[in-house]
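The values are calculated or read from the model by the stated rules, or taken from the named source; none is laboratory data. Keep in mind that this is a model prediction, so the values were computed, not measured. Heads up: the accessible areas ignore ligands, DNA and RNA and are worked out on the full protein's heavy atoms, side chains in. Shrake-Rupley method; radii C 1.70, N 1.55, O 1.52, S 1.80 Å.
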Amino acid sequence: MTTANLTYRVIRLPDVLRTAIRATRDANKFTNAEFVGRAIEQELPKLIASLQSLGFAGPRGQTRPMRLPFPDDGSLDLLREASETVGLPATQLLALCFVAATKDTPTASDAAHDESPKAAKRRSPRRLPKGEPKRTRVRRAKGQGDQP
């Protein structure tokens, strides 16, 4: 492997993990590049499969804000604690909780068919997609309307 086909990135890692990487790399007589390549090739497919089974392959699409009430039973504290434990953002963990809690319900597209037209109108986007001309009403000056 030549240095011409290497790309460097700075990744922040805990000291314990850095020590473990060095020990494994040295025990197997790998270069840093070989260790990184093998770790990704061997471990990433298993990691992706595990994350997908947990719900990381959940609903896709454009996100919109949603105001949610949190009970005073310590739910937010549990999310923050879990976030610090696993190193994932609390909002991502919350979304995974929602994916797991809703896995047996109909999909959002099925639910959209059951809503009233008024509710569907409320959910429709208010902004036009880029490149689409603005729709305006034509105002006529007084006396310029249809004349019989």
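Rolling a 1.4 Å probe across the protein heavy atoms gives region 1-109 an accessible surface of 89 Å² per residue.
Taking 0.36 nm per residue of separation and subtracting the current Cα-Cα distance, fully stretching the chain between residue 34 and residue 76 would add 11.0 nm.
Using the Cα coordinates of region 1-106, the gyration tensor eigenvalues translate into equivalent-ellipsoid semi-axes of 36, 18, 13 Å, sorted from longest to shortest. Across region 1-43 the C-alpha pair distances fall into 10 Å bins from zero in the proportions 24, 57, 19, 0 percent.
Of the accessible area of region 1-63, computed with a 1.4 Å probe over protein heavy atoms only, carbon and sulfur atoms account for 58 percent.
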